[in-house]
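Below: one structure, written as structure tokens.
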Amino acid sequence: MGQFFAEYGLFLLKVITIVAAIVVVIVAAASAGRRAAHEGLEVEHLNKKFKSLADALQRAVSTKHERKKAAKSRKKEDKAKSKESSTRPRSFVIDFKGDLKASAVASLREEVSAILDVARAEDDVVLRLENHGGVVHEHGLAASQLARVRDRDIPLAVCVDKVAASGGYLMACVASKVYAAPFAILGSIGVLAQIPNFNRMLDSHGVDFEQITAGKHKRTVTMFGKNTDKDRAKLKEELEDVHSLFKDAVGKYRPTLDLDKVATGEHWYGTRALELGLADGIRTSDELLKELAEERDLYQVTYKIKKPLQKRLMANIDSVLEKVDAAGWRRRFESRLPR
């Protein structure tokens, strides 16, 4: 009887675990659905946001008399500025947080299109970029969206607070100016392909793998077939070609770079990146925006896209892969820190 209850308890625990997992998935999907319910362009006046934050703190630390005095002074300032606000130059701020497939490019293209429709000659664009890199053609498209801004002779500043590596730097290099935090990661101008091969495992279990192609190089290195030195050489040739295109793109926008020195696949931290010419200044995006807000009107432009459930779930998978990749960057960084 005791064994029966033990087995029944174990079975019940498994059922509870499965049900709990299903509930978590449903709740996560519902939450994602609520977040993605709205689709369209959102614009926030950052000057007002900065001012409201400062006012909130000032009220908390001021006396009643000081608050009244500050309110009168602020009212006069706002009245004076309301007359000149229409003539102040504008900075349009956009954010890009990359993943392996650069999926944020769908929003980026809409944001860029909206900005180009209203931008005046004195306006500029600021991109806050965080991107570890990923698929070549996806990040190439993202870089092309930024090139639309440069092609219109609108100044484009890219701020890298954390990382712009590989495909991320392909985007960053398009900018008129690249600013990096002191320990932001920049560079990794290289191309990588890695693929597991299960041929020996299949062979040991008596499983044959057949692949039929038309075209000499339709498929070279494969996951399940036997790879040859000729296959590997062809893949290497293709990677070198992509690397050459990568270097050409970087050289177009940053012609003074010593590509032989920086296009090695290595990455550098902000201050070193500045010395090598990968960046133009050391500052965080917060510093830059606060500085710009003194003389310009700042507008954060965000285009939100409603995604179906299937794409949201796939995005979660990509997010996990991205975190694994980010963990790799963290390990590299931590291995350089003194213990």
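The values are calculated or read from the model by the stated rules, or taken from the named source; none is laboratory data. Bear in mind that the values here come from a model prediction, so they are computed numbers and not experimental data. No Cβ is skipped: glycine too gets one built from the backbone with ideal geometry, and neighbour counts run over all protein chains shown.
Observations
- Verdict on Ala114 being among the small types (Gly, Ala, Ser), over 22 Å from His45 (Cβ atoms) and part of a helix (DSSP H, G or I): no
- Here Tyr169 clears all of (1) touching a helix residue (DSSP H, G or I) at 6+ places or on another chain (Cβ under 8 Å); (2) more than 17 Å from Arg254 (Cα to Cα) except the condition numbered (2).
- The criterion of being in the same structural domain as Lys236 (by TED's automatic domain parsing) and farther than 30 Å from Lys236 by Cβ does not hold for Gly215.
- Restricting the first member to segment 112-137 and to residues that are more than 13 Å from Ala102 (Cβ to Cβ), and the second to residues that are of a type in the set (S, T, N, Q), the beta-carbon pairs closer than 6 Å and six or more apart or on different chains are Val112/Gln145; Asp124/Ser91; Val126/Ser91; Arg128/Ser285.
- Number of the condition not met by Arg272 [criteria: (1) touching a residue at least 12 places away in the same chain (Cβ under 8 Å); (2) out of contact with any strand residue (DSSP E or B) (no Cβ under 7 Å at 6 or more places or on another chain); (3) in the same structural domain as Leu288 (by TED's automatic domain parsing); (4) not acidic (Asp, Glu)]: (1)
- In segment 269-303, the residue that is surrounded by the fewest Cβ atoms within 10 Å (Cβ to Cβ) out of those that are part of a loop (DSSP other than H, G, I, E, B) and among the charged types (D, E, K, R) is Glu294.
- Residues in segment 73-112 that are over 20 Å from Ala172 (Cβ atoms) and modelled with pLDDT of 90 or more: Arg88, Pro89, Arg90, Glu110.
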